[in-house]
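**Student:** One structure, pasted below without further comment.
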Amino acid sequence: MELTSTVFTAKAIYVGVIFAITLGVAAYSTYFERIFAAFFQDRVGPDRAGPFGILQPLADAVKMFMKEDFIPANSSKWLFILGPCLSMFTALMTSAVIPFGDTIDLGNGVKFDLQGIDVNIGILWVFGIVSLGVYGILVGGWASNNKYSLLGAIRAASQNISYELAMGLSIISILMMTGSLSTKAIVEAQQNGHWNILYQPVGFILFIICAFAECNRTPFDLPECETELIGGYHTEYSSMKLGFYLFAEYINMFVSGAVMATLYFGGYDYPFYETVVNSFGENVANLIGFGALIGKALFFVFVFMWVRWTLPRFRYDQLMNLGWTGLIPIAMFNVVWTGLIILLPAEFNLSSWASIGVAIAGIPVLIVGLFIYHSIAGGKKKKTALAR
Amino acid sequence: MKLSNRTKVLEQEELTLAERIYLPAIAGGMMTTLKHFFQKPVTIRYPEQKRYLGPVFRGHHILKRDQNGAERCTACGLCAVACPAEAISMVAEERKKGEETLYREEKYAKVYEINMLRCIFCGLCEEACPKEAIFLRHDKMVPVFNDRNEVIFGKDKLVEKMDDRYLRDGWK
């Protein structure tokens, strides 16, 4: 009984901490997005609220709450309110299965997992919830009773469905390597530097491209494309309802960064783990691992912003073309090649270096394959009249 | 239909494989933005930092004194005539005995007012002035006013202070 209550309390504290970290990171992502945007464009960015503008998120939150909360007369009111709630809800649920760290020894032989819940369908849970996330956008866009909102919502739905396929296929390669759906098992298989990025470089590139599309981030932020759709699905939203939509996007960025770190960058693994364990004990080492995962996730958040301020938006037909005729075939190739990565070293009793070699050899093979396909299918000349 | 002979037909090749993959171009673009990420921002934080606007910038008006501290303006009214916005008005007065140190000429401006809402900072008053009395400063702008009563600048704001003399770049 004593043991259960300790674990329960620890779990509750852990969930609270993860919740706070997620919200804090999301709030400060808005600030850092603006700061980084400024840096990428040789500007200064927000620096008025507090030293270096670090109170900017507070000011933004106050502004969001104080603004008029407008609900259009012809909207379906309850769905209109439900939309941002769904978005926020699904964004926050995803982090439950991400293993943020290894175990912590609480004394009396009680081991405590630094993970919300280790279910054996971990990565499927992430996928299910992320797919649900599009309902928030869809419901909000539909309820607004505005053609631009509806178009944005439709775009979001079709884009998410298209890119989920390629994302799922690139995950299948990871599942083949690990043999388990559990995120914990995936991370444990990558300990001591055997990060999946070494075995799955193509898979990682596919995954990160799909993650951009799933988070509705540039270059795939078609659902909120201002030039065509005003504000897209959140055209009619104001006040904190709009804030929830924007907030959910930043939470999704952080969580997808954490998922990428979990799947491809060894999760909470970091170099010199053994040295730290020997000199400071296992608890400290695992807490550093917790920090390592957060750091990796934040790095991906930075990459998200970096890409946003570099690349222009895709056209919608280009987006669909890339998803269906580009990413899905390559993901299928990657699945087949992963079979080789697993089979060849096992067949000839080679070390893990051989599988890395096979994995890297996959890239030239892919490029040669694409080249052959390209020279057969492409090569037409286009004539375009340009007025000078 | 051809409207002009300036149309040029370009032969555009189909995208090569490297271009179709997108990734090399994306990597190049990301490197470009990363380079800018570490560059110093070009921003000048205006109210705190001010940029040098050059010796010919036309800012706040000033009524110069001569080297002895006497006002140069003789209230001839040429500036008011030249002013396209009719912003300048003045009241002339004869110099009394004993006021030679205050006013250089025998006639001076008792009241000299510029309506800063009317002024367009064209500098024609400066060009019209035969006594080199009025100038538009290059180093100071007219401050923001919050009240209509502050809009008309009198001699108290326009005449040069002896402890803060105005010297334009290029003057001796």
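The values are calculated or read from the model by the stated rules, or taken from the named source; none is laboratory data. Just so you know, these numbers come straight off a predicted model, no measurement behind them. All Cβ positions, glycine included, derive from the backbone under ideal geometry; neighbour counts span all protein chains shown.
**Student:** Tell me which of these A:Phe32 doesn't satisfy, since it passes every other one: (1) aromatic (Phe, Trp, Tyr); (2) in contact with a helix residue (DSSP H, G or I) (Cβ under 6 Å, 6 or more places away or on another chain); (3) surrounded by 16 or more Cβ atoms within 10 Å (Cβ to Cβ).
**Tutor:** A:Phe32 satisfies all of (1) aromatic (Phe, Trp, Tyr); (2) in contact with a helix residue (DSSP H, G or I) (Cβ under 6 Å, 6 or more places away or on another chain); (3) surrounded by 16 or more Cβ atoms within 10 Å (Cβ to Cβ) except (2).
**Student:** Under the condition of being aromatic (Phe, Trp, Tyr) and in contact with a Leu (Cβ under 7 Å, 6 or more places away or on another chain), which residue from region A:315-335 is farthest from the other protein chains (Cβ to nearest Cβ)?
**Tutor:** It comes out as A:Tyr316.
**Student:** Taking region A:35-52 only, how many residues are away from chain B (no Cβ under 14 Å) and surrounded by 15 or more Cβ atoms within 10 Å (Cβ to Cβ)?
**Tutor:** Total meeting the criteria: 1.
**Student:** Quick check: is even one residue across region B:48-69 under 28 Å from B:Pro143 (Cβ atoms), within 14 Å of chain A (Cβ to nearest Cβ) and free of Cβ contacts under 8 Å to residues at least 60 places away in the same chain?
**Tutor:** Yes, there is a match, as at least one residue in region B:48-69 is under 28 Å from B:Pro143 (Cβ atoms), within 14 Å of chain A (Cβ to nearest Cβ) and free of Cβ contacts under 8 Å to residues at least 60 places away in the same chain.
**Student:** Within region B:84-102, is there a residue that is surrounded by 16 or more Cβ atoms within 10 Å (Cβ to Cβ), out of contact with any strand residue (DSSP E or B) (no Cβ under 7 Å at 6 or more places or on another chain) and not in a helix (DSSP H, G or I)?
**Tutor:** So far as region B:84-102 goes, no, none of its residues is surrounded by 16 or more Cβ atoms within 10 Å (Cβ to Cβ), out of contact with any strand residue (DSSP E or B) (no Cβ under 7 Å at 6 or more places or on another chain) and not in a helix (DSSP H, G or I).
**Student:** Here is a further query. For region A:199-249, how many residues meet the condition of being within 13 Å of the chain's Cα centre (by Cα), acidic (Asp, Glu) and farther than 17 Å from A:Ala261 by Cβ?
**Tutor:** 1
**Student:** For A:Phe80, work out the one condition from (1) aromatic (Phe, Trp, Tyr); (2) farther than 29 Å from A:Leu287 by Cβ; (3) not in a helix (DSSP H, G or I) it doesn't fulfil.
**Tutor:** (3)
**Student:** In region A:128-148, which residues are out of contact with any helix residue (DSSP H, G or I) (no Cβ under 7 Å at 6 or more places or on another chain), within 21 Å of A:Asn216 (Cβ to Cβ) and touching a residue at least 40 places away in the same chain (Cβ under 8 Å)?
**Tutor:** Once the filter is applied, which keeps residues that are out of contact with any helix residue (DSSP H, G or I) (no Cβ under 7 Å at 6 or more places or on another chain), within 21 Å of A:Asn216 (Cβ to Cβ) and touching a residue at least 40 places away in the same chain (Cβ under 8 Å), region A:128-148 yields only A:Asn146.
**Student:** Related question: Here is a check on your reading of the model: is A:Ala20 closer than 30 Å to A:Phe112 by Cβ, buried (at least 17 other Cβ atoms within 10 Å of the Cβ) and either more than 14 Å from chain B (Cβ to nearest Cβ) or modelled with pLDDT under 85 (or both)?
**Tutor:** Spelling it out, it is not the case that A:Ala20 is closer than 30 Å to A:Phe112 by Cβ, buried (at least 17 other Cβ atoms within 10 Å of the Cβ) and either more than 14 Å from chain B (Cβ to nearest Cβ) or modelled with pLDDT under 85 (or both).
**Student:** Does region A:293-309 contain at least one residue that is in a helix (DSSP H, G or I), at pLDDT below 85, buried (at least 18 other Cβ atoms within 10 Å of the Cβ) and not aromatic (Phe, Trp, Tyr)?
**Tutor:** Checking region A:293-309: not a single residue is in a helix (DSSP H, G or I), at pLDDT below 85, buried (at least 18 other Cβ atoms within 10 Å of the Cβ) and not aromatic (Phe, Trp, Tyr).
**Student:** Only one of A:Ile341, A:Ile376, A:Ile372 is more than 9 Å from chain B (Cβ to nearest Cβ) and at pLDDT below 80; which?
**Tutor:** So the residue among A:Ile341, A:Ile376, A:Ile372 that is more than 9 Å from chain B (Cβ to nearest Cβ) and at pLDDT below 80 is A:Ile376.
**Student:** Further question on the same structure: Name the residues in region B:122-141 that are part of a loop (DSSP other than H, G, I, E, B) and either of a type in the set (Gly, Ala, Ser) or over 17 Å from B:Arg168 (Cα atoms) (or both), would you?
**Tutor:** Correct list: B:Cys122, B:Gly123, B:Pro130, B:Ala133.
**Student:** Please enumerate the residues belonging to region B:54-83 that are closer than 13 Å to B:Gly123 by Cα, part of a loop (DSSP other than H, G, I, E, B) and not charged (D, E, K, R).
**Tutor:** B:Val56, B:Phe57, B:Gly59, B:His60, B:Cys83
**Student:** For region B:8-40, how many residues meet the condition of being of a type in the set (D, E, K, R) and part of a helix (DSSP H, G or I)?
**Tutor:** Number satisfying all stated conditions: 3.
**Student:** Does region A:75-86 include one or more residues that are at pLDDT below 85 and farther than 23 Å from A:Phe304 by Cα?
**Tutor:** Yes, region A:75-86 contains at least one residue that is at pLDDT below 85 and farther than 23 Å from A:Phe304 by Cα.
**Student:** Which residues, taken from region B:14-46, are within 36 Å of the chain's Cα centre (by Cα) and either at the interface with chain A (Cβ under 7 Å from one of its Cβ atoms) or among the charged types (D, E, K, R) (or both)?
**Tutor:** B:Thr33, B:Lys35, B:His36, B:Phe37, B:Gln39, B:Lys40, B:Pro41, B:Val42, B:Thr43, B:Arg45
**Student:** Taking the condition closer than 25 Å to B:Pro47 by Cα and surrounded by 14 or more Cβ atoms within 10 Å (Cβ to Cβ), does B:Asn115 pass?
**Tutor:** Criteria met by B:Asn115.
**Student:** Within region A:216-257, track down each residue that is assigned to a helix (DSSP H, G or I), in contact with a Ser or Thr (Cβ under 8 Å, 6 or more places away or on another chain) and within 21 Å of A:Asn145 (Cα to Cα).
**Tutor:** Across region A:216-257, the qualifying residues are A:Leu229, A:Gly232, A:Tyr233, A:His234, A:Phe244, A:Tyr245, A:Leu246.
**Student:** Quick check on A:Phe290: is it in contact with a helix residue (DSSP H, G or I) (Cβ under 9 Å, 6 or more places away or on another chain) and not β-branched (Val, Ile, Thr)?
**Tutor:** Considered against the rule, which asks whether it is in contact with a helix residue (DSSP H, G or I) (Cβ under 9 Å, 6 or more places away or on another chain) and not β-branched (Val, Ile, Thr), A:Phe290 comes out as no.
**Student:** Is at least one residue of region A:53-61 part of a helix (DSSP H, G or I), under 23 Å from the mean Cα position of the chain (by Cα) and within 14 Å of another protein chain (Cβ to nearest Cβ)?
**Tutor:** no
**Student:** Within the set of pairs 6 or more residues apart or between chains, which connect a residue that is on the phi < 0 side of the Ramachandran plot and surrounded by 17 or more Cβ atoms within 10 Å (Cβ to Cβ) inside region B:145-166 to a residue that is acidic (Asp, Glu) and part of a strand (DSSP E or B) with Cβ atoms less than 7 Å apart?
**Tutor:** Correct list of pairs: B:Phe153/B:Glu113; B:Val159/B:Glu71.
**Student:** Still on this structure: Taking A:Phe254 as the residue in question, decide whether it is away from chain B (no Cβ under 14 Å), surrounded by 20 or more Cβ atoms within 10 Å (Cβ to Cβ), among the aromatic types (Phe, Trp, Tyr) and at negative phi.
**Tutor:** So A:Phe254 passes the test.
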